[in-house]
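What follows is a set of notes on a single structure, which appears directly below.
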Amino acid sequence: MAHSLASALGWLGAVATLPLFLAPIEPMLRIRRAKAVGRLSVVPYVTCVLNCLAWVLYALPCVSPGRMQSLVTNAVGLTLELTYVLYYISHAAAAARRIALVFGLLLAALAV
């Protein structure tokens, strides 16, 4: 009984995080309307990509068996946040694009 309750609460928590990963849709729609990123920073999106990537790697069955909720939640988050970063880069001016790529590479190097 306790295990099934813990599992149910874990999946409920996984579903509850979905709105957090969908929150950047509104800024992305603003980017689409303006056809430019304006003063919007890519830092939160790149940071979230690396955070989700770290959790996905941690939750892999070969690393931590029994972490399926974390794996699914963060795989969804990684996919969405990576989409936001790529969308940002596709609409950014050349200078902002370089900053986004350098920041992403820097954070990736620190993550390793």
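The values are calculated or read from the model by the stated rules, or taken from the named source; none is laboratory data. Computed from a predicted model, the values in this text were never measured in an experiment. Quick reminder, even Gly has a Cβ in these numbers, built from the backbone with ideal geometry, and neighbours come from all protein chains shown. Heavy atoms of the whole protein, side chains included, go into the accessibility calculation; ligands, DNA and RNA do not. Shrake-Rupley method; radii C 1.70, N 1.55, O 1.52, S 1.80 Å.
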Geometric extent, Cα atoms of the chain - Rg, Dmax (angstrom): 16.4, 56
Rule-of-thumb Rg ratio for segment 1-59 [Cα; 2.2 N^0.38 Å; N residues]: 1.57
Per DSSP, loop trypsin sites (Lys or Arg not before Pro) in segment 1-35 with at most 16 further Cβ within 10 Å: LYS35
Backbone HN-Hα couplings from phi across segment 98-109 [Karplus 6.51/-1.76/1.60, Hz, Gly and Pro as x]: 5, 4, 4, 5, 5, 5, x, 5, 4, 5, 5, 5
Accessible surface of segment 1-69, 1.4 Å probe, proportion on carbon and sulfur as whole %: 72 percent
VAL37 long-range amide H proximity, modeled H, under 5 Å: ALA93
